[in-house]
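Peer 1: I am attaching a structure below and will ask some questions about it afterwards.
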Amino acid sequence: MIERTLPTGTVTFLMSDIERSTHLVQEVGPAAFTDILDRHNDVLRRAFGEHGGTERGTQGDSFLVMFTEAPAAVAAAVEVQRGLASVSWPQDVPVRVRIGIHTGVGTLGGDDYVGIDVHRVARICAASHGGQVLVSESTHSLAAHDLPAGASLRRLGEYKLRDLSQPERLSQLVIEGLPSDFPPISTGRASAGNLPGRFAAVIGREEALRDLEALVADRRLVTLTGPGGIGKTSLALELAHRSASTYPDGAWFVPLDALADASLVGSAIASSLGLVEAPGQSGLERLEDFLHDRTVLVVLDNFEHLMPAAPTVARILEASPGLTVIATSRAPLHIAAEQEYPVPPLQPPDERAPDDAANAAVRVFIDRARRVRPGYAPSGDEAAAIGEICRRLDGLPLGIQLAASRVSLLPARSIAARLAEELPLPGAGATDAPRRQQSLDLAIAWSEQLLDESARQLMARLSVFRGGFRLEEASVVGLDPEQGGDVLDGLSVLVDQSLVQPIPGPEAPRYRLLEPIRAYATRRLAAGDEQEAVERRHAHAYRDLAEAAAPHLPGRGQRTWLDRIDAERDNLRAAITWAVEHHDLETALRLGAAMWRFWQLRGHLQEGRNSMTRILAMPGAEEPTTLRVRALEALGGLLYWGADLPGADVSYHAQLELARSIGDVRGEADALFNLGHTQFLTERDNEAADRLAEDAERLYRQLGDERSLARLHWTVINRRMEQGEPHVEAEMQAALHRFEELGDDWYTAMASGTLAWIAFAEGNLHDGLRWCLDSVSRHHAMGDVASPTIALRYIAIIFQDLGRPEAAAAVGAAYESLCSRYGVQPPAFFEELTPALGRRVLDDTLASHPEAAARGAAMSLDETIDLIDRVASELLAPQE
């Protein structure tokens, strides 16, 4: 008997129904269908009851059942499908049931569930086919490691579900002995891209959007121009959302407001598209290679301060015939492909009808006011005052929204009166600023004057941040260290007054100032006497963050730290620029030394090399210090991973010479370790490499550095393997166990990879595949994309040799596609290690299995690794 108390909290919802049940009634008749329904209900209720399901009730042939554990819901679905497959149905008609499963929050409103999660499971069920079970990403993550025997989960990708704004990543439950090949699921594949969601309706812009949609369909660069606060970004994003479906390779948003260097625009676009630099290629060159045969929409937001990069946009458009760009800027880019669209302000209501509730500017005011005063419905004098506010602010949406956010404190007529008092007299004020800009500054200034002095001061200090900030750094930068206090109080006030916006995200809260407000606050900071002190605190805060992250790169917890640094990349750039321009050599050297692994692991090698070159060219940087030793090592590492081995060798030799001259034992040991790599790879001098390793080992023992000793031993074993020395497998396995004891995740993954190459070289494909999968999964868990992508080619060849040509074609095509996206390629010496494997080709397999290859080319790295895991588990399963 199923218990009727509905669970709350984290709940896994299962919804099912019979495919084409109406047609089935007509085919078999009411009496037979009643018999079918009874048998169907018996099978489902038995399965749900055995696995602890709580039935909310049925509607016709549809069930909604709740489980407190995701694995129980999945197990029930397996039992349902197996049970239905064993039933003898009246008139031998096929009865197929579709099932959707989703884990979310079970919130009761009265005696039933409320909230989006019930709707989501219904949409997942509706997207499936008869006999198919689809599960959401949340269910997949909770149930994947506790599946019933004979069941597995196959990722299908990200899909848009009807009436739901956020797409869902769906997986199919594959049940041994039952059909697993179904038509494409009954919903649209989610568009690629990174467009921010719609946070508010775009009011009063329908005519502009119709005009812009026609322009975007006809022109490849459309630039929305106008003053700050006129709504260019909101309009561009709405236009991108409406146009996204016509761009199969994605619609992408590239915020440029935090970027100070025009030469980095190409890299910024590449980074937003998820691309990383390839050795010997800049971010711009990677971008051109990636885009040349793709159909993509890119939104470049806030371009006005980067006008020297306009030729870069022209170059990308010329090299990428399928690319369309929407730009927002206070001025046009002035390139041949451009179509400018001046964004007009919202038309305020006429003075003769000041209470026109249908007016777009008035609607914007009321919409924003209702966020702080639900149910706000002005009339009479209050409605007329709103019209006056909109006229005084020249119809600028941002100014109107700032004013509207005050209705929780003041009636609209008081807001209008205060704005009127602050208007400059005829002939007064700055004559070189456009009136609309004066109006926006007026709205911001008036909002600022409602704050107390500490909140005004905090807003000015927060203007030094680029691309947003966390509370932790705001506490350092926003507070005078001699005064102390709690930044959260002031930040809460600024958020309440719409001067600071929270940035949605899964991690710790982040905040930002809208660009017009940040520009205003920057001017206020510059007008005072604390700008240099605040900027110094900012640079030092991000120096400390980079140094906190550095010990974790590479290693355990790497993914979290990489994501943290990635989110603060614009602030870190600003910190480096400030340190260089203000001759703070210590901060610059410390930042460069701490940042180099991030630049390497996230594919920003060119940016890293440029930054290190600027830092090492600073006056005084040539002085013999331990900081210079670390900076030379950073530059060497960036050159090494960028395939400039001779350059890296020069930098490491300089590191060694300097470290020895100042008695820096740590720097000397690390330089010897580094030179062991470059000397062997450039000179193929094994004896010299051995001497370097012996010297490094002596110093690491002196330092008591067990981790570096283990890493050094790994390099020596690798070098012996590369020289063809037999019987190194046992030593490498011992090295792997040592890395595990030390908690050195990165080198544990590297050792697994080496064991794979040893097995491949000996012709043992099964052991090689096992070790390769272990290495790939470890690297992938740490957020590394390059190492797993490189391994795909060899896994595809193994699948081909072990009789799985379709899987080989899919993985081989994914390898080519992902190499293009991430800009990676196998090092040349890989093929020297295993010539029998490395030089094999997949051309015939790819050509003979075009459908599998097409699927593979469209797969993400996550989806490819899921496929490899499934195929490998079958190949490596014990044979009966």
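The values are calculated or read from the model by the stated rules, or taken from the named source; none is laboratory data. Because the structure is predicted, anything quoted here is derived from the model rather than measured. Backbone-built Cβ (ideal geometry, glycine too); neighbour counts: all protein chains shown. Side chains included, ligands, DNA and RNA excluded: accessible areas come from the protein's heavy atoms. Shrake-Rupley method; radii C 1.70, N 1.55, O 1.52, S 1.80 Å.
Peer 1: Rounded to the nearest 500, what is the chain's calculated 222 nm mean residue ellipticity when only DSSP H runs of at least 4 contribute -39500 (n - 2.57) each, over all residues?
Peer 2: Details: 39 runs with 498 residues, N = 880.
Mean residue ellipticity, 222 nm, calculated: -18000 deg cm²/dmol.
Peer 1: To continue, here is another question. DSSP loop trypsin sites (Lys or Arg not before Pro) in the stretch 307-377 with at most 11 other Cβ atoms within 10 Å of their Cβ, which ones? Display every interim value, and only then the final one.
Peer 2: Values: sites: 315, 330, 352, 363, 368, 370, 371; in loops: 330, 352.
Passing sites in the stretch 307-377 are 352.
Peer 1: Amide H to amide H under 5 Å from residue 557: which residues, 5+ apart in sequence or cross-chain, H placed 1.01 Å off N in plane?
Peer 2: Result for residue 557 returns nothing.
Peer 1: Sticking with this one: Measuring from label point to label point, each 7 Å out along Cα→Cβ, what is the residue 483 to residue 145 span in nm?
Peer 2: 4.9
Peer 1: Next up: Positive end of the charge dipole of the chain (Lys, Arg +1 and Asp, Glu -1 on Cβ, about the Cα centre): tell me which of 562, 587, 395 has its Cα farthest that way.
Peer 2: 395
Peer 1: Then there's this: For the chain, what % of the accessible area comes from carbon and sulfur atoms, probe 1.4 Å?
Peer 2: Values: 18780 of 38040 Å².
Result for the chain: 49 percent of the exposed heavy-atom area is carbon or sulfur.
Peer 1: Of (1) 44.2; (2) 38.5; (3) 41.2, which is the value of mean projected area of the Cα convex hull in nm² derived from the coordinates here?
Peer 2: (1)
Peer 1: Moving on to the next point. Might you report the magnitude of the Cβ-based charge dipole of the chain about its Cα centre, with Lys and Arg at +1 and Asp and Glu at -1, to the nearest 20 debye?
Peer 2: Numbers: 85 positive and 125 negative charges, 345 e Å.
Dipole size: approximately 1660 debye.
Peer 1: Taking the simple approach of a point 7 Å from Cα along Cα-to-Cβ for both residue 731 and residue 548, what is their distance in nm?
Peer 2: In this crude label model, residue 731 to residue 548 measures out at 4.2 nm.
Peer 1: Return one whole number: the accessible area per residue of the chain in Å², for a 1.4 Å probe. Could you put the intermediate results ahead of the total?
Peer 2: Numbers: 38040 Å² over 880 residues.
Heavy-atom accessible area per residue stands at 43 Å².
Peer 1: Here's a follow-up. Sort 701, 98 by heavy-atom solvent-accessible area, probe 1.4 angstrom, most to least.
Peer 2: On the way: 701 145, 98 55 Å².
The ranking, largest first, comes out as 701, 98.
Peer 1: Using a cut-off of 12 Å between beta-carbons, work out the net charge of the residues near residue 143 (Lys and Arg +1, Asp and Glu -1, residue 143 not included). Can you show the working numbers first?
Peer 2: Numbers: positive: none; negative: 69, 137, 146.
That works out to -3.
Peer 1: From the backbone phi of the stretch 26-35, what are the Karplus-calculated ³J(HN,Hα) couplings (6.51 cos²θ - 1.76 cosθ + 1.60, θ = phi - 60°) in whole Hz, Gly and Pro given as x?
Peer 2: These are the phi-based 3J(HN,Hα) values: 5, 6, 9, x, x, 5, 5, 5, 4, 5 Hz.
Peer 1: For the stretch 265-416, report the % of Cα-Cα distances exceeding 19 Å. Could you put the intermediate results ahead of the total?
Peer 2: On the way: 7118 of 11476 pairs.
Across the stretch 265-416, Cα pairs with separations above 19 Å total 62 percent.
Peer 1: Find out how many positive minus negative residues lie around residue 493, taking Lys and Arg as positive, Asp and Glu as negative, among other residues whose Cβ is under 15 Å from that of residue 493. Can you show the working numbers first?
Peer 2: Details: positive: 406, 456, 461; negative: 448, 452, 453, 486, 489, 496.
In short, -3.
Peer 1: So, one more: HN-Hα J couplings of the stretch 123-133 from phi, Karplus 6.51/-1.76/1.60, θ = phi - 60°, integer Hz, Gly and Pro as x?
Peer 2: With coefficients 6.51, -1.76 and 1.60, one gets 5, 5, 4, 5, 7, 8, 10, x, x, 9, 10 Hz.
Peer 1: With each label point set 7 Å from Cα along the Cα-Cβ vector, what nm distance links residue 87 and residue 371?
Peer 2: Here the modelled spin labels are 5.1 nm apart.
Peer 1: Enumerate by residue number the GluC sites (Glu not before Pro) in the stretch 339-390 meeting two conditions: DSSP loop (anything except H, G, I, E, B), and at most 13 other Cβ atoms within 10 Å of the site's Cβ. Don't skip to the end; give the middle numbers.
Peer 2: Numbers: sites: 340, 351, 382, 388; in loops: 351.
For GluC sites (Glu not before Pro) across the stretch 339-390 that sit outside H, G, I, E and B with at most 13 neighbouring Cβ atoms in 10 Å, the list reads 351.
Peer 1: List the GluC sites (Glu not before Pro) within the stretch 582-640 that fall in a DSSP loop (any state other than H, G, I, E or B) and whose Cβ has at most 11 other Cβ atoms within 10 Å. All intermediate terms of the calculation are to be shown ahead of the outcome.
Peer 2: Working: sites: 586, 607, 622, 633; in loops: 622.
Answer by residue number: 622.
Peer 1: Which of the listed residues, 818, 575, 159, is farthest toward the dipole's positive end in the chain, when Lys, Arg count +1 and Asp, Glu count -1 at the beta-carbon?
Peer 2: 159
Peer 1: What's the center-to-center distance, using Cα atoms, between the stretch 445-464 and the stretch 346-384 in Å?
Peer 2: If you average the Cα positions of each part, the centres end up 27 Å apart.
Peer 1: How large is ³J(HN,Hα), in whole Hz, for each residue of the stretch 246-259 in order, when computed from phi with the Karplus curve 6.51 cos²θ - 1.76 cosθ + 1.60 and θ = phi - 60°, using x for Gly and Pro?
Peer 2: Rounded to whole hertz, the list is 8, 10, x, 9, x, 10, 10, 10, 10, x, 10, 4, 8, 8.
Peer 1: If you count only protein heavy atoms and use a 1.4 Å probe, how large is the accessible surface of residue 737, to the nearest 10 Å²?
Peer 2: That residue has around 100 Å² of solvent-accessible surface.
Peer 1: Grab the other residues whose beta carbon is less than 12 angstrom from that of residue 384, score K and R as +1, D and E as -1, and report the net.
Peer 2: Net charge around residue 384: -4.
Peer 1: How much length, in nm to one decimal, is gained on full extension between residue 873 and residue 382, taken as 0.36 nm per residue of separation minus their Cα-Cα distance? Could the numbers behind the result be given before it?
Peer 2: On the way: separation 491, 0.36 × 491 = 176.76 nm, distance 7.00 nm.
Here the segment from residue 873 to residue 382 would lengthen by 169.8 nm.
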